[in-house]
Amino acid sequence: MTSSPGPLRAAVPQPRRRPAVGAQEQAERVEPVPQWWTPTRALGRAVLLTGVLLLAGVLFGRVDLVVLAAPFALGTAYALRRRPTEAPRIAISAEDGALVEGSDITGAVTIGNPDLAGYDLAVVRTRVSPWLKLTEIGFAGPGGVDRPLALGVSPGEAVDLDLRGEALRWGRHPLGPAGVRAVACAGLLASRPVLIDPESVRIYPKTEPFDADEAMPRAAGLVGGHRSRRPGEGGELAGVRIFGPGDRLRRIDWRVSLRARQLHVAATLSDRDAEVVLLLDVLAEVGQSGGVRGTASVLDTTVRAAAAVAEHYLHRGDRVSLLEYGPAARRLRPATGRRQYLIALEWLLDVTAANSENELYEQVFGPQLLSSNALVVVLTPLVDPRSAAMLARLARSGRFVVAVDTLPELTTPPRRGQWTEVAHRLWRLDRENTIGQLREHGVPVVAWAGAGSLDLVLRDVARLASAPRAVGR
């Protein structure tokens, strides 16, 4: 920095300076109000000392005291010859793009001076989310604690302080709020603090690799990439039959027709799309989130797995919808295509844990809200007893349910006494019994493990779908 001391110049990267016109375009407008600038204690001391010396010189007839007061009076008058009238400008800008966990983020804090008088010192301070790790700015001190940054701003100039770092976790993270306070006229005037609201930075979850090769239990749409049991236009051969009205000529099997002396056509099974419902259990948050390179909590695993499953099935042309099992009961309607994938990512950014023991969820997700042909993938840690009851109700209603266990494997509760470890082992045994009861009700439970996590489960579900089953009402 050209106007900062030597130690600060070595600790902070050089800011980018540009004309004040750009500052007024990019910085947030602050309506001018009277008395933005107030006198400092230095001005009070200068005026007091000058007045005392002049008064003493007049009372005692001392010319030397008047001569001694002259430099203070002339210096104060010269410093106040150009006084700022408007408040300093400040704005925060962040990169607006598709940022995922682990990617680099860029932004800037803009400080503008719209007056003709320069700022001797402008002190800037901003707060940053702990999940946005800044590496090239002086706002983050040792240990990641935010600290103020001082710089000088010339008249009609805007200074951009670049913010560069890394996004450590998904979600909407605030960049700010930020504030600035300036000092002008040789430190005789100081501005009131100017504050701005934070800028939200969207960080999308990192999509874990996922692929499911098994067919869907029931394909219900008109066209798609899944093989159905219904005859129609498709690529899966179902057999050879006698030519009938409406059959296409290109489907004629000439070898069979010549051998049987009657036209035969190759019958195929139709390729149809399916509906996948991702049900996120947000009743409890377990584990400590360590970011993209650290340990994963229940919400981390749930959100990343939901993004991966949604991307996989939307890429194949299926319809995907998302539901929250919690007090908010948020719902994203089923749709297909890339637009639905982007909407699903935005929807996942607002997923939060809701620890509420008094809420009743029996009627939140009734059978009437879910299609009878949909595959319901429930992402749940199976910590709350209401989660197991919800899975059992969905299975009794005839839905095809797959439970994905999102509880971290090495999660342990904080030690509160000598019986903590024993109580945790008993709870683990009770949870295993609950999982066994769900499997007896026809709900397969599988731990999330990325690619191929649901292949074996979908194979069993597809086999059960082809067999008749009783549906409880």
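Structural remarks
- Carbon and sulfur %, accessible surface of region 285-351 computed with the full protein complex present, 1.4 Å: 51 percent
- Computed over every Cα-Cα pair of region 38-141 and binned at 10 Å starting from 0, the pair-distance distribution P(r) comes out as 11, 27, 19, 16, 13, 9, 4, 1 percent.
- Within region 282-330, trypsin sites (Lys or Arg not before Pro) in DSSP loop having at most 10 other beta-carbon neighbours inside 10 Å: Arg293
- Length added when fully stretched, Leu68-Leu116, from 0.36 nm per residue minus Cα-Cα: 14.1 nm
- Relative contact order for region 38-169: 24 percent, from Cα pairs under 8 Å spaced at least 6 residues apart, divided by residue count.
- Computed from backbone phi, the HN-Hα couplings of region 375-391 come to 8, 9, 9, 9, 9, 9, x, 6, 9, 8, x, 5, 5, 5, 5, 5, 4 Hz, rounded to whole numbers (Karplus: 6.51 cos²θ - 1.76 cosθ + 1.60, θ = phi - 60°; Gly and Pro given as x).
- Projecting label points 7 angstrom from Cα along Cα→Cβ for Arg248 and Ala335 puts them 3.1 nm apart.
- Linear extension gain, Thr295 paired with Thr106, 0.36 nm per residue minus alpha-carbon span: 65.5 nm
The values are calculated or read from the model by the stated rules, or taken from the named source; none is laboratory data. Here the structure is a predicted model, which is why all the values come from computation and not from measurement. No Cβ is skipped: glycine too gets one built from the backbone with ideal geometry, and neighbour counts run over all protein chains shown. All accessible areas refer to the heavy atoms of the entire protein, side chains included, with ligands and DNA or RNA removed. Shrake-Rupley method; radii C 1.70, N 1.55, O 1.52, S 1.80 Å.
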